[in-house]
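These notes are about the structure you will find just below.
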Amino acid sequence: MPADFGWMWWGAAAIAAAAVLVGVWIWWKGRPFARGDVFRASRLSSGNRLFPTQVLVTPTSVVQYTPSWIGREEETIHMAHISSVRVQTGLMLSDVVIETSGGSDPIRCHGHRTRDADRIKALIEQYQTEYYRGGAAGGTGGPIPPAPIRR
């Protein structure tokens, strides 16, 4: 091999290494961000190709997590502030819209598998039922009353 073409091999190796690093970064940012019931949008849907949006449903809240190249965006809604959950089913994928009672913008997640979207809705309904029956942490079953005024 002539010495004049050695730089080409180093250049090709550097490009391959960079491609591997980018692939690992995309995989790392797309893995589930928490333990529990995390639902990731399909990479086949628009806006979710590199970094799919994820939805975490816990007994007390719903978290929408959207990773990006650097950082992330998270939005959390407490179970007591969810007024409705709407699943819009398409040909292959479904969208989930979680409305709040506080008047803020709803959480909109598109590109979920239909069974995942239905599971998100079922979990929210289950946890809300438990919350309002008094099964939530704290056992109040609703908003926490203000502390008494001490004089």
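Since every read-out is calculated from the coordinates, none of them should be taken as a lab result. Please read these numbers as outputs of a predicted model, since none were measured by experiment. Because the Cβ atoms are built from the backbone with ideal geometry, glycine has one as well, and the counts that use them run over all protein chains shown.
A few remarks follow.
- Ranking of Phe39, Phe5 by count of other Cβ atoms within 10 Å, fewest first: Phe5, Phe39
- With all projection directions averaged, the alpha carbon convex hull of the range 2-41 covers 3.5 nm².
- Percent of C-alpha pairs per 10 Å bin, the range 81-131, short to long: 27, 51, 21, 1
- Against the main long axis of the alpha-carbon atoms of the chain, helix 6-30 sits at an angle near 10°.
- Among Met79, Met8, a tally of other beta-carbon atoms within 10 Å of each Cβ gives an order, fewest to most, of Met8, Met79.
- Over the chain, dividing the summed -39,500 (n - 2.57) contributions of all DSSP H runs of at least 4 residues by the number of residues returns a 222 nm mean residue ellipticity of -9500 deg cm²/dmol.
- Dividing the mean sequence gap of close Cα pairs (under 8 Å, 6+ apart) by how many residues the range 50-109 holds gives a relative contact order of 22 percent.
- For Thr114 and Thr60, the difference between the fully extended length at 0.36 nm per residue and the C-alpha to C-alpha distance is 17.1 nm.
- Stretchable slack from Ser101 to Trp28, in nm (0.36 nm times residue separation minus alpha-carbon distance): 22.8 nm
- Label zone (Glu125, point 7 Å along Cα-to-C-beta; backbone nitrogen cut-off 20 Å) within the range 58-75: 58-63.
- Label-zone membership for the range 60-75, site Leu21, 7 angstrom Cα→C-beta point, backbone N under 13 Å: none
- Chymotrypsin sites (Phe, Trp or Tyr not before Pro) restricted to the range 41-131 and DSSP loop, no more than 12 other C-beta within 10 Å: Trp69
- Using C-alpha pairs under 8 Å with a sequence gap of at least 6, the mean separation divided by the residue count of the chain gives a relative contact order of 16 percent.
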